[in-house]
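Trainee: This is the structure I want to talk about, given as structure tokens.
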Amino acid sequence: MKLWGGRFTKSTNELVDEYTASITFDQKLALYDIQGSLAHVEMLRVCQIINNQDAHAIQEGLLKVLEKIKSGEAHLSEEHEDIHMNVEKLLIDEIGSVGGKLHTGRSRNDQVALDMRLYLRDALIRISTLLVNVEKALLNQAKQNIDTILPGYTHLQRAQPVRLAHHLLAYTFMFQRDIERVCDSWKRVNLSPLGAGALAGTTFPIDRNYVAQKLNFDGICPNSLDAVSDRDFVVEFLSNASLISMHLSRLCEELIQWSSAEFNFIELDDAFCTGSSMMPQKKNPDVAELVRGKTGRVYGNLMSLLTTLKGLPLAYNKDMQEDKEGMFDTVETLEGALALFAPMIDTMEVKKENMYEAVVKDYSNATDLADYLVGKDIPFREAHAIVGQIVLSCIQQKKYLLDLTLEQYQEYCPHIEKDIYQVLDPKAVVDARDVDGGPAKNRVLDQMDIAEDLIQTN
Ligand code: ARG
């Protein structure tokens, strides 16, 4: 007999149990479900809704059920649909009919909303800690590469040289915003829905704030209908996770490109690459590729939940059971990626000479030549055209700007003097961009200080 079987005259169709059950996946909530139940029972006792003896029996029974679930001894069945009813059934098996008092003043609707919040709270703490580790790894590499110069790109065409530290710090600031978003979401996750009942609270004189306090919530969800219908906090998490994944994926894309023979800027450690079953020479950046690839499922989980929720009337609807798998999958996908990321960044070898070579054998100092002409009072637009001509002729002669003689320069513009060679030197080019947020050494060191302070205050 089902726990809710009283008003039914028939048993469910054999396919219905399997179709409606969530136990195969929501058993991940077991610990949180029992944690919530322990607090609920304590509140029922304090509010004298159940007596001390029954409350203690239920609490001890719940702890035994938890042990049995953890050890794998407990049998979780589809017949009892979900983790909430499985736990209740196991409790009744353990301590007898007094276990049936656990669900007084509560519904699975407020219970499941509570479990989701408890689960997500822990996940948010783990994920932000992992993000901090990634930030630290990037900062470490930045510190070691303050003087490493490489081309900066726009349109994936070499544009102007930057420092590798500058480039890596750009990602540090992205992940910092991600951490801030995760922390900001905390105040919306950390409210207790318990006591909202099925939708309209309960007739028992419960104390919602007491339970909330016991479970370390900042407060309670103020409206019972909203409390059981709200999955905004899950959507918000999936959205934050999508941004994190997008940032990871963009960095992965660069690591993959940089590892190619065409770039040859870095080598990822063997421990983070895999080989080919056919081609003996291959070393593939599989981890970076998979992190990039798994971004798809994280976005998918966000779209899936938004779509599930969009037409739902108040209050609880069974559709909402679809909130779980995507959330679990996203938490696990993200944790997997972030745990690998910090050591992968820490151990990557930077090929500084190759990066520098890519700057020297290029025209990414052309803007500096134009700026130099502006210094000779030539309007920037004219200077741009003159330098365009110079670059074109260099390309035709297979030369770079630093290869031209002073006479050749003066054919284009008589104002050019021999200090031009100093101006066009790659290191000078980087340091000439001495503006807030720019690539000049002192400016990158400033950014490093800002990043370090932010990381410490996380
Ligand atoms: N397994 C359900 C879910 O995950 C729990 C809530 C069920 N409530 C109900 N009235 N059927 O959403």
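Trainee: State which residue is nearest to the chain's Cα centre (by Cα) when the search covers only the range 294-312 and only residues that are closer than 28 Å to Ala200 by Cβ and either more than 16 Å from the ligand (Cβ to nearest atom) or not assigned by TED's automatic domain parsing to the domain that holds Ala198 (or both). Working first, answer last.
Mentor: Kept after step one, since they are closer than 28 Å to Ala200 by Cβ, are these residues of the range 294-312: 305-312.
Still in the running and either more than 16 Å from the ligand (Cβ to nearest atom) or not assigned by TED's automatic domain parsing to the domain that holds Ala198 (or both): 306-307, 310-311.
Values: Leu306: 18, Thr307: 21, Lys310: 24, Gly311: 28 Å.
Among them, the one singled out is Leu306.
Trainee: Could you pull out the residue among Glu88, Glu14 that is closer than 26 Å to Gln213 by Cβ and outside the structural domain of Gly326 (by TED's automatic domain parsing)?
Mentor: Glu88
Trainee: Let me confirm something: among Ala212, Ala241, Ala198, which residue is surrounded by 20 or more Cβ atoms within 10 Å (Cβ to Cβ) and either at positive phi or touching a residue at least 60 places away in the same chain (Cβ under 8 Å) (or both)? Before the answer, list the steps.
Mentor: Working: Ala212 fails: either at positive phi or touching a residue at least 60 places away in the same chain (Cβ under 8 Å) (or both); Ala198 fails: surrounded by 20 or more Cβ atoms within 10 Å (Cβ to Cβ).
It is Ala241.
To keep it simple, each residue is scored yes or no on (1) touching a Pro at 6+ places or on another chain (Cβ under 8 Å); (2) at positive phi; (3) within 16 Å of the ligand (Cβ to nearest atom).
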position	(1), (2), (3)
Gly100	no, no, no
Arg108	no, no, yes
Leu114	yes, no, yes
Tyr119	no, no, yes
Asp122	no, no, no
Lys136	no, no, no
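Trainee: Are there any helices (runs of 4 or more DSSP H) wholly within the range 152-247 with 3 or more residues that are within 16 Å of the ligand (Cβ to nearest atom) and of a type in the set (Asp, Glu), and if so which?
Mentor: none
Trainee: Specify which of the listed residues (Arg106, Arg117, Arg126) is buried (at least 16 other Cβ atoms within 10 Å of the Cβ), in a helix (DSSP H, G or I) and either among the basic types (Lys, Arg) or at pLDDT below 95 (or both).
Mentor: Arg117
Trainee: So for the range 45-56 (the condition being without any contact (Cβ under 8 Å) to a residue 40 or more places away in the chain, outside the structural domain of Ala123 (by TED's automatic domain parsing) and β-branched (Val, Ile, Thr)), does at least one residue qualify?
Mentor: no
Trainee: Also, quick follow-up: Which count do you get for residues in the range 386-401 that are without any contact (Cβ under 8 Å) to a residue 40 or more places away in the chain and in contact with a helix residue (DSSP H, G or I) (Cβ under 9 Å, 6 or more places away or on another chain)? Write out each step before concluding.
Mentor: To start, the set of residues in the range 386-401 that are without any contact (Cβ under 8 Å) to a residue 40 or more places away in the chain comprises 386-399, 401.
Now drop any that are not in contact with a helix residue (DSSP H, G or I) (Cβ under 9 Å, 6 or more places away or on another chain), which leaves 386-391, 393-394, 397, 399, 401.
Qualifying residue count for the region: 11.
Trainee: Is it true that some residue in the range 254-267 is farther than 30 Å from Pro151 by Cα and in a helix (DSSP H, G or I)?
Mentor: Checked against the condition, which is being farther than 30 Å from Pro151 by Cα and in a helix (DSSP H, G or I), the range 254-267 yields no hits at all.
Trainee: Name the single residue that is surrounded by the fewest Cβ atoms within 10 Å (Cβ to Cβ) among those in the range 313-327 being in contact (Cβ under 8 Å) with a residue 24 or more places away in the chain and away from the ligand (no atom under 12 Å from the Cβ).
Mentor: Only one residue tops the list, namely Leu314.
Trainee: Within the set of pairs 6+ apart or on separate chains, which have a first residue in the range 1-26 that is closer than 17 Å to Lys89 by Cβ, a second that is outside any helix (DSSP H, G or I) and within 11 Å of the ligand (Cβ to nearest atom), and C-beta atoms under 6 Å apart?
Mentor: Within 6 Å, the pairs are Ala21/Glu81; Ser22/Asp82; Ile23/Asp82; Asp26/Asp82.
Trainee: Also, quick follow-up: Where residues in the range 328-339 are in contact (Cβ under 8 Å) with a residue 60 or more places away in the chain and surrounded by fewer than 19 Cβ atoms within 10 Å (Cβ to Cβ), which of them is farthest from the ligand (Cβ to nearest atom)?
Mentor: Among residues in the range 328-339 that are in contact (Cβ under 8 Å) with a residue 60 or more places away in the chain and surrounded by fewer than 19 Cβ atoms within 10 Å (Cβ to Cβ), the one farthest from the ligand (Cβ to nearest atom) is Ala339.
Trainee: Take Lys28 and decide whether it is within 16 Å of the ligand (Cβ to nearest atom), closer than 26 Å to Phe217 by Cα and surrounded by fewer than 19 Cβ atoms within 10 Å (Cβ to Cβ).
Mentor: Criteria met by Lys28.
Trainee: Looking at Glu88, Glu135, Glu81, can you tell me which residue is surrounded by 20 or more Cβ atoms within 10 Å (Cβ to Cβ), closer than 25 Å to Trp186 by Cα, touching a residue at least 24 places away in the same chain (Cβ under 8 Å) and among the charged types (D, E, K, R)? Can you show your working first?
Mentor: Numbers: Glu88 fails: closer than 25 Å to Trp186 by Cα; Glu81 fails: closer than 25 Å to Trp186 by Cα.
Residue meeting the stated conditions: Glu135.
Trainee: Can you pull out every residue in the range 319-364 that is basic (Lys, Arg) and at pLDDT below 95?
Mentor: Result: Lys361, single match.
The values are calculated or read from the model by the stated rules, or taken from the named source; none is laboratory data. No experiment lies behind these values; they were computed from the predicted model shown. Note that we place each Cβ from the backbone using ideal geometry, even for glycine, and neighbour counts take in every protein chain shown.
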